[in-house]
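The values are calculated or read from the model by the stated rules, or taken from the named source; none is laboratory data. Keep in mind that this is a model prediction, so the values were computed, not measured. Cβ atoms come from the backbone with ideal geometry, glycine included; neighbour counts cover every protein chain shown. SASA here: full protein model, heavy atoms, side chains in, ligands and nucleic acids out. Shrake-Rupley method; radii C 1.70, N 1.55, O 1.52, S 1.80 Å.
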Amino acid sequence: MTTTNEGNSSVPKHVLKVTTHDMHTGGEPLRIITSGLPDLKGSTILEKREYARQYLDHYRKLLMNEPRGHKDMYGAILFQEKPNVFGVLFLHNEGYSSMCGHGVIALGRYVVDYGLVKPVAPETEITFNCPCGPVQTYVEYNNHSSGPVHFESVPAFVYKLGAEIFVPKIGKLLVDVAYGGAFYVIISDKEVSLDLKSTPLAEIIDVAGRITEAVKKQLPIVHPEKEELSFLYGTIITDGKDKFADGASTNICVFADKEVDRSPTGSGVTARMALQWKKSFMQRNEEKEFKSIIGTTFTGRVIDETTVGNFPAVIVEVSGMAYHTGDHTFYLECHDELKEGFQLPR
């Protein structure tokens, strides 16, 4: 086989080559494409997302699916628009999301640490134009080092309170639906006869998936201002500590094609904060802590009020920390029978 030498390794000459920089935020991965992707055509972020979906989706599958990724891999396509302003598309096992809080936190550190912006102490301000809208992001910077990141959400609101649905094998449920850059069902573990501390994860995933599918069929989701955001992203099952009387509240977010977020979920925290605000369980600027399935934490606080259409809404500040995990060079040989990879059924 004809090869070329790159460093100490030999690789096929005729291959697709993509490089990435990988990070994690609260345990949730983010694979940032750094080279090998053709230019995204389109004048807006939504046009670029549609172009990626139609013409470049094999790159998403290549990097998210096994054997290069896994069913719970998450990714980002980042492009600089002007100083300190970036467009970003988020990738997952099913397609493209409208918002990703853990991704924004990781990207904040990435653009500072890799010199895509000029860092400013005590914090560097960056705008990430996401499909849901612009997200103002702030990266702490001191002594030539970046630190924790916080972002201000797009307006978040409660879409439905106590909506009745029927879930096969579970029965009738009353669910809340809230928007934090994406729409989520939010329900406590006790309401579906689960316990986040002891129920096997596979059972939690199954229940969350059933709830998501039932709501998609029985409850129309319509964003009051942006039709392209009118879809349910997933289900968040909480420990029921809505008033945070005992400190942090734990939740598990199951989204897309039964993908499980290892972090507390940035857009999910935003949606939960909107719900807690609606229920008068908190005050403005009161900080709440959220734990993930693996014990990592984000904090959230309501910093302002606004409206979205006829819905009262809030601006939520979400804070967390991301870490660099590695750089990768991926190849796809033209005769690879698995081509864009695969997913084992869950």
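Summary of computed values
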{"item": "Trypsin sites (Lys or Arg not before Pro) restricted to the range 197-290 and DSSP loop, no more than 16 other C-beta within 10 Å", "result": "K197, K226, K243, K279, R284"}
{"item": "Accessible surface, per residue, of the chain when the full set of protein chains is kept, probe 1.4 Å, Å²", "result": "44"}
{"item": "At 1.567 mPa s and 4 °C, Stokes D of the range 156-318 from Kirkwood alpha-carbon radius, µm² per second", "result": "83"}
{"item": "Distance (nanometres) between label positions extended 7 Å along Cα→Cβ at H324 and V222", "result": "4.8"}
{"item": "Most mobile of V175, V260, V308 in a GNM of the chain (Cα contacts under 10 Å)", "result": "V308"}
{"item": "Efficiency of FRET from Cβ geometry, E340 and E191, R₀ 56 Å, rounded to 0.05", "result": "0.90"}
{"item": "Principal-axis tilt of helix 201-218 within the chain, Cα atoms, nearest 10 degrees", "result": "70"}
{"item": "Three-way shape call for the range 100-240 based on the alpha-carbon gyration tensor, with the a/c threshold at 1.5", "result": "prolate"}
{"item": "Modelled FRET efficiency - R0 41 Å, K243 with D22, Cβ distances, 0.05 increments", "result": "0.65"}
{"item": "Exposed-site-free run, longest, the chain (rule: GluC sites (Glu not before Pro); DSSP loop; at most 14 other C-beta within 10 Å)", "result": "1-224"}
{"item": "The chain: angle of helix 101-113 to the longest principal axis, Cα-based, in degrees nearest 10", "result": "40"}
{"item": "Residue with peak Gaussian network fluctuation, the chain [Cα springs, cutoff 10 Å], from L46, L89, L232", "result": "L46"}
{"item": "Selected from I211, I170, I32 as most flexible by GNM, with the chain as the system and alpha-carbon contacts under 10 Å", "result": "I170"}
{"item": "H328 - accessible surface, heavy atoms, 1.4 Å probe, Å² rounded to 10", "result": "70"}
{"item": "Distance (nanometres) between label positions extended 7 Å along Cα→Cβ at E333 and S145", "result": "4.4"}
{"item": "Carbon + sulfur, % of accessible area of the range 156-318 - ligands and nucleic acids excluded, 1.4 Å", "result": "47"}
{"item": "Translational diffusion of the chain, µm² s⁻¹ [Kirkwood Rh, Cα pairs; Stokes-Einstein; 37 °C; 0.692 mPa s]", "result": "158"}
{"item": "Those trypsin sites (Lys or Arg not before Pro) in the range 18-76 that DSSP places in a loop and that have at most 13 other beta carbons within 10 Å", "result": "K41"}
{"item": "Cβ-placed point charges (K, R +1; D, E -1), dipole of the range 24-170 about Cα centre in debye, nearest 20", "result": "380"}
{"item": "Neighbour net charge for G326 - beta-carbon separation under 12 angstrom, K R +1, D E -1", "result": "-1"}
